[in-house]
Amino acid sequence: MGSAASIDNEESIFPSVQEVNEAHFRDDFMKRTKQYQELLEREQARCQVVGYEAAAFFTQPLMQAKLDQSLDCIETVTEAYSNDQKRVLGYTEVGVSELAMGGPISTMCVLADKATLACASDEGPIWIYNWREGRVVSKFRDQNPNGPSWGGGKREACKVRRLCPVSQDHRLLGSGDEHGYVNIWDLNGPDVAIEARLHEKAVAGLVADYLRNGIVTAGEDCYICLYDLEREQVRCREVPAPLSDGSGIPNTCLSLGGERFPNLVLVGGADGKLRLWDQATSSMKRRHTISMGGVTPTQCLLAPNGWQLLVTCSLGETAFSGIRPERGGLYVYDIRKLSDGASSSEALLTQYKSGAQASVGSAGQLSRVSSLRSEATTGRKGSLMSSTSRMMQGLGIGALDVVLVEEEKKMMALTLMDNVIRAFDLGTGEEKPVTAGGAATRGTAAWEFDVTEQWEPEYVNACALTSVDRYVMVATTGPSMGVWRRPLASQRYGHDSFKPAPPPPLELRSRCSALSTASDGFPEEVLLADPLLRPGEVLTSIESALQADEHRHQHKSGLASRPAEPTPCHALSFGRTMPAAIMEEAITA
């Protein structure tokens, strides 16, 4: 019963004991609360300096991890190591285990701030990465058999084809996979909020419709779905009529009309055509069709001005187009001409062909592109393999992705074309009067840059692209992911007496490479050939110190509820005499 205990309920007969315990609990609670508040205030001030939002929903798992960690020196060691890398290399090198376990990044998108990315790996996992901190904020959609289920069941994970923020605060993230499932994830958890199988085949396009609080999807099963997130039901599901243009043609890309054309839905098909649908009524109606020839549209988007339409295309598929395949490239259209009844050829403004060299570029960059071009054209004329298999084999013929950036009040289109990053000048984007007729012009890239030439082996190619402000994120099949920064165009280099060479169009700021968490199962010769498969010694030592620190923290927390009789360690602490055997046990412990 213990000292001064009641016979009935085994509670203390002294009322003051309960008051002391309650006061102790209150003091401990206030102490921890004050400690957490000080830590959060310090992290908020630090996040403003580093360059990301500490109060964002998708950053909460990272803030929670900072509150839960006991070893504060991890951040100090990481920051000091990053500063050393910046001084020596000019950029930071970070090992990420998600790249080793999940494979190359298949698609990625930027969240609300400039430092946080949502990445999807080929093996299925989705992970949120903060490149300013060099840490993975959260990870979900993994297939750990002992872990929590996602989407209502533990089924085989498949490749995520599209990622897109579906809420304006970027708390909700949408994903579409190769099985036709569309998931809406709450990044504050993270946890799955909505799951629906909207397509029988892979999801080829996924965009958010903020005006209607919904999403629009396009699948390789030829269907287009309008989904209402508030009611959690399909608002409209459309497919081309049988035996009509587009019947049986898989969709390849998707985009919306923006503020200027809020009811416009643009869907690209494997037959080299871009179809424009109107969603103003309960059922969608097709308004126009843009034919681009023997190419395969891979991405389409409208410029912020609302009338310039950009379409990237890769090598065409003869089985769907019925004509000789072309290499593709970047096509710029004036969408206003389509409302006046003009044909697709008349609406075409500029065509940037794949395989054309840039007007500006270093000798090394141009030689690298020439070698890729010769490898791609040798022995592959008249190839009939599907575009999906071509992309998986990494040939990279044509343009795979495009993003828009601003530079000196001009719009630049950065494309992932022919395994290099190419920039195209789109002008100021000012509104111009619509003129009838006029032949399309052929343009060349303002510059091109190979992100794998100096940092990756020859067999590695770029596979995903996104951008925010001056930063360009490029993923490779290494697997790796690099964060590049575009230099300011107004920045001067040198002086009147010294004119140095112009800086490269992209400067590496941070690079993520695959880092294995365990070397079990790998032969020694494999570990010697690829040291990245062996975990770092410093990381292992820090994690061991963290576990020891957590063990000491738990032991310290348990001292308040120690038993009435002293343990050997307590006896040593308070100077009590113990038998020699127990003393020896305490010393060895």
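The values are calculated or read from the model by the stated rules, or taken from the named source; none is laboratory data. The shown structure was predicted, so the numbers you read here are calculated from the model rather than taken from an experiment. Every residue, glycine as well, gets a Cβ built from its backbone with ideal geometry; the counts of neighbours run over all protein chains shown. The area values use the complete protein model at the heavy-atom level, side chains included, leaving out ligands, DNA and RNA. Shrake-Rupley method; radii C 1.70, N 1.55, O 1.52, S 1.80 Å.
Here are the numbers for this structure:
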| quantity | calculated |
| --- | --- |
| The stretch 396-480, relative contact order in percent, only Cα pairs under 8 angstrom and at least six apart counted | 26 |
| Subset of 159/285; 86/410; 114/139; 337/410 violating a 25 Å alpha-carbon distance limit | 159/285; 86/410 |
| Å² of accessible area per residue within the stretch 410-493, as computed with a 1.4 Å probe and no ligands counted | 44 |
| For the stretch 257-273, 3J(HN,Hα) per residue [Karplus equation, 6.51 cos²θ - 1.76 cosθ + 1.60, θ = phi - 60°, Hz, x = Gly/Pro] | x, x, 5, 6, 10, x, 9, 8, 10, 10, 10, x, x, 5, 8, x, 10 |
| Sulfur and carbon atoms: percent of accessible area, the stretch 179-254 [1.4 Å] | 45 |
| The stretch 234-326 - accessible surface per residue (Å², probe 1.4 Å) | 39 |
| Carbon + sulfur, % of accessible area of the stretch 438-506 - ligands and nucleic acids excluded, 1.4 Å | 51 |
| Amide H contacts under 5 Å for residue 177, placed H, 5+ residues apart | 161, 203 |
| Accessible area (Å², 1.4 Å probe, nearest 10) - residue 497 | 110 |
| From phi via Karplus (6.51, -1.76, 1.60), per-residue ³J(HN,Hα) for the stretch 475-484 in Hz, x at Gly/Pro | 9, 10, 7, x, x, 7, 8, x, 9, 10 |
| Label point distance in nm, residue 406-residue 228, each placed 7 Å from Cα along Cα→Cβ | 3.6 |
| Sum of side-chain charges, residue 222 neighbourhood, beta-carbon under 14 Å (Lys, Arg +1; Asp, Glu -1) | -1 |
| Spacing of the two label points (7 Å from each Cα toward its C-beta) at residue 169 and residue 263, in nm | 3.2 |
